[in-house]
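S.K.: Sharing a structure below in structure tokens format, with a few things to ask.
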Amino acid sequence: MTRLTSDDIKGVPQDEMDLDSRLLSMTGKTVRGIAFEGAGLEDTGQDLSRFRVAVVPITSGLGVIGGFAASVDAIVRRLGFDSHVTAGTDVKGFAEAVADDVDMVMMADDDMFIAYNTRNGEQTDNAYGTAIGYAVALRNAAGGLEGRDVLVIGAGFVGGNAVRILRDMGANVSVTDIVLAKAEAVAERHGVAVLEDVNHAFSSFDLILNAAPASFPGELMREGAVISTPGVPHYFDEEGRRKARAIIHDPLEIGTAVMAVNSIRRLL
Ligand code: PYL
């Protein structure tokens, strides 16, 4: 998992990326629409304000990322949840959230970011939330994935989840990774194809979910490609931006929104 920096997320609380407008034009869905679809729910305008969320800053390991808890809080509030950041950090913050009888606790250390549902004990992690959110966004932008060829770049936690999800959506999935053994292991686990040369693979597909912290020169991109790309750092050059039909990216919001909605899906 690539660790975000304060810089990556500095515009998130104020929604400076205007993500809903960009997603609507590429996928026909808002962040909330993608989150509901990712959780297998229909968005009928359900009021989420009855769900109380506490975001706990975690100082362990490499410590807090400036603005991280505030960004998660803002994302969850934009969906309609009643959310706040705890005053305490770590165990103290968790204890504060439990004493406050919240419905969901969201917190991240260097290895995991989870949404924990205090009512039913279920947890949704960010690798799953990101994979399903970006797969749903790709499916909407592509006008369906049944029988379509899709490339997943990166065979880590997000990429591995994405391979399984896209396969279950009916896509013909191929996976690639600069560490071939990782791609081979994921391909074998999920019964999909493996491709050895990452750059060649990138230039051979119209539909790509890029779950690696990798960027690609525009000259390698197919005209009209749809790229769903959660990985950071995120960069496409001018040629790539011109050729792509859609480049779907944000540093934190889609994955976090799916986590939150998925976490309360059985309570709606
Ligand atoms: C959550 C993500 C998505 C991408 N990279 C992951 C990451 O940066 N993980 C580290 C999160 C650390 C948060 C820190 C805090 O501010 O509470 N412990």
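The values are calculated or read from the model by the stated rules, or taken from the named source; none is laboratory data. Computed from a predicted structure; not experimentally measured. Cβ placement follows ideal geometry from the backbone for every residue including glycine, while neighbour counts extend to all protein chains displayed. What goes into the accessible areas is simple: the full protein's heavy atoms, side chains included, and nothing from ligands, DNA or RNA. Shrake-Rupley method; radii C 1.70, N 1.55, O 1.52, S 1.80 Å.
S.K.: So, of the residues in the stretch 5-47 that are within 30 Å of Ala95 (Cα to Cα) and among the β-branched types (Val, Ile, Thr), which turns out to be most open to solvent (accessible area, probe 1.4 Å)?
M.R.: That would be Thr5.
S.K.: Of all the residues that make up the stretch 237-251, how many are open to solvent by 10 Å² or more (accessible area, probe 1.4 Å) and either of a type in the set (A, V, I, L, M) or farther than 25 Å from Gly170 by Cβ (or both)? Quick ask: steps written out before the conclusion?
M.R.: Initial filter on the stretch 237-251 (open to solvent by 10 Å² or more (accessible area, probe 1.4 Å)): 237-239, 241-245, 247, 249, 251.
Subsequent filtering for residues that are either of a type in the set (A, V, I, L, M) or farther than 25 Å from Gly170 by Cβ (or both) retains 237-239, 241-244, 247, 251.
So the answer is 9.
S.K.: Residues in the stretch 121-135: is at least one within 16 Å of the ligand (Cβ to nearest atom), in contact with an Asp or Glu (Cβ under 6 Å, 6 or more places away or on another chain) and assigned to a strand (DSSP E or B)?
M.R.: For the stretch 121-135, residues within 16 Å of the ligand (Cβ to nearest atom), in contact with an Asp or Glu (Cβ under 6 Å, 6 or more places away or on another chain) and assigned to a strand (DSSP E or B): absent.
S.K.: How many residues does the stretch 236-264 hold that are assigned to a loop (DSSP other than H, G, I, E, B), closer than 27 Å to Gly67 by Cβ and either touching a residue at least 24 places away in the same chain (Cβ under 8 Å) or within 16 Å of the ligand (Cβ to nearest atom) (or both)? It would help to see each step written out before you state the result.
M.R.: In the first step, residues of the stretch 236-264 are kept if they are assigned to a loop (DSSP other than H, G, I, E, B); the result is 236-237, 244-245, 249-252, 264.
Now restrict to residues that are closer than 27 Å to Gly67 by Cβ: 236, 249-252, 264.
Applying the additional criterion that residues be either touching a residue at least 24 places away in the same chain (Cβ under 8 Å) or within 16 Å of the ligand (Cβ to nearest atom) (or both) yields 249-252, 264.
Count: 5.
S.K.: Quickly run through the stretch 166-186 and pick out the residues that are surrounded by fewer than 23 Cβ atoms within 10 Å (Cβ to Cβ) and among the aliphatic types (A, V, I, L, M). Quick ask: steps written out before the conclusion?
M.R.: We begin by selecting, within the stretch 166-186, every residue surrounded by fewer than 23 Cβ atoms within 10 Å (Cβ to Cβ); these are 167-170, 172, 174, 178-182, 184-185.
Met169, Ile178, Val179, Leu180, Ala181, Ala185 - these are the residues of the stretch 166-186 that are surrounded by fewer than 23 Cβ atoms within 10 Å (Cβ to Cβ) and among the aliphatic types (A, V, I, L, M).
S.K.: Let me ask something else. Looking only at residues that are in contact with a strand residue (DSSP E or B) (Cβ under 6 Å, 6 or more places away or on another chain) and in a loop (DSSP other than H, G, I, E, B) in the stretch 226-235, which one is surrounded by the fewest Cβ atoms within 10 Å (Cβ to Cβ)? Spell out how you get there, then give the answer.
M.R.: Pass one, the stretch 226-235, residues in contact with a strand residue (DSSP E or B) (Cβ under 6 Å, 6 or more places away or on another chain): 226-229, 231.
Of the ones still in play, those that are also in a loop (DSSP other than H, G, I, E, B) are 229, 231.
Details: Thr229: 26, Gly231: 23.
Across the stretch 226-235, the extreme among qualifying residues is Gly231.
S.K.: What's the number of the only condition in (1) of a type outside the set (Phe, Trp, Tyr); (2) open to solvent by less than 40 Å² (accessible area, probe 1.4 Å); (3) in contact (Cβ under 8 Å) with a residue 24 or more places away in the chain that Arg189 fails to meet?
M.R.: (2)
S.K.: What do you reckon, is Asn161 crowded, with 22+ Cβ neighbours inside 10 Å and either within 23 Å of Gly144 (Cβ to Cβ) or out of contact with any Leu (no Cβ under 7 Å at 6 or more places or on another chain) (or both)?
M.R.: Numbers: crowded, with 22+ Cβ neighbours inside 10 Å: yes; either within 23 Å of Gly144 (Cβ to Cβ) or out of contact with any Leu (no Cβ under 7 Å at 6 or more places or on another chain) (or both): yes.
Taking the combined requirement at face value, the residue satisfies it.
S.K.: When you look at Arg50, is it of a type in the set (D, E, K, R), surrounded by fewer than 21 Cβ atoms within 10 Å (Cβ to Cβ), under 16 Å from the mean Cα position of the chain (by Cα) and away from the ligand (no atom under 14 Å from the Cβ), yes or no? Before the answer, list the steps.
M.R.: On the way: of a type in the set (D, E, K, R): yes; surrounded by fewer than 21 Cβ atoms within 10 Å (Cβ to Cβ): yes; under 16 Å from the mean Cα position of the chain (by Cα): no; away from the ligand (no atom under 14 Å from the Cβ): yes.
Judged against the criteria, Arg50 is not a match.
S.K.: Among the residues that make up the stretch 209-224, is at least one of them of a type in the set (Phe, Trp, Tyr) and more than 18 Å from Arg242 (Cβ to Cβ)? Before the answer, list the steps.
M.R.: So the first thing to find is which residues in the stretch 209-224 are of a type in the set (Phe, Trp, Tyr), and the list is 216.
From the residues that got through so far, the ones that are more than 18 Å from Arg242 (Cβ to Cβ) too are none.
No.
Yes or no, residue by residue, for (1) under 19 Å from the mean Cα position of the chain (by Cα); (2) within 22 Å of Arg119 (Cβ to Cβ); (3) polar (S, T, N, Q):
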residue	(1), (2), (3)
Leu41	yes, yes, no
Thr44	no, yes, yes
Ser60	no, no, yes
Val64	no, no, no
Asp73	yes, yes, no
Ser83	no, yes, yes
Gly93	no, yes, no
Glu96	no, yes, no
Ala99	no, yes, no
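S.K.: Just one of Arg119, Arg78 is in contact (Cβ under 8 Å) with a residue 60 or more places away in the chain and over 21 Å from the mean Cα position of the chain (by Cα); which is it?
M.R.: Values: Arg78 fails: over 21 Å from the mean Cα position of the chain (by Cα).
Answer to the selection: Arg119.
S.K.: I've got another one for you. Name the single residue that is surrounded by the most Cβ atoms within 10 Å (Cβ to Cβ) among those in the stretch 192-207 being touching a helix residue (DSSP H, G or I) at 6+ places or on another chain (Cβ under 7 Å) and aliphatic (A, V, I, L, M). It would help to see each step written out before you state the result.
M.R.: Kept after step one, since they are touching a helix residue (DSSP H, G or I) at 6+ places or on another chain (Cβ under 7 Å), are these residues of the stretch 192-207: 192-196, 199, 202-203, 207.
Applying the additional criterion that residues be aliphatic (A, V, I, L, M) yields 192-195, 207.
Working: Val192: 20, Ala193: 14, Val194: 18, Leu195: 20, Leu207: 23.
Filtering the stretch 192-207 for residues that are touching a helix residue (DSSP H, G or I) at 6+ places or on another chain (Cβ under 7 Å) and aliphatic (A, V, I, L, M), the one surrounded by the most Cβ atoms within 10 Å (Cβ to Cβ) comes out as Leu207.
S.K.: Scan the stretch 66-81 and tell me whether some residue there is within 16 Å of the ligand (Cβ to nearest atom), over 15 Å from Ser263 (Cβ atoms) and at pLDDT below 95.
M.R.: Within the stretch 66-81, not a single residue is within 16 Å of the ligand (Cβ to nearest atom), over 15 Å from Ser263 (Cβ atoms) and at pLDDT below 95.
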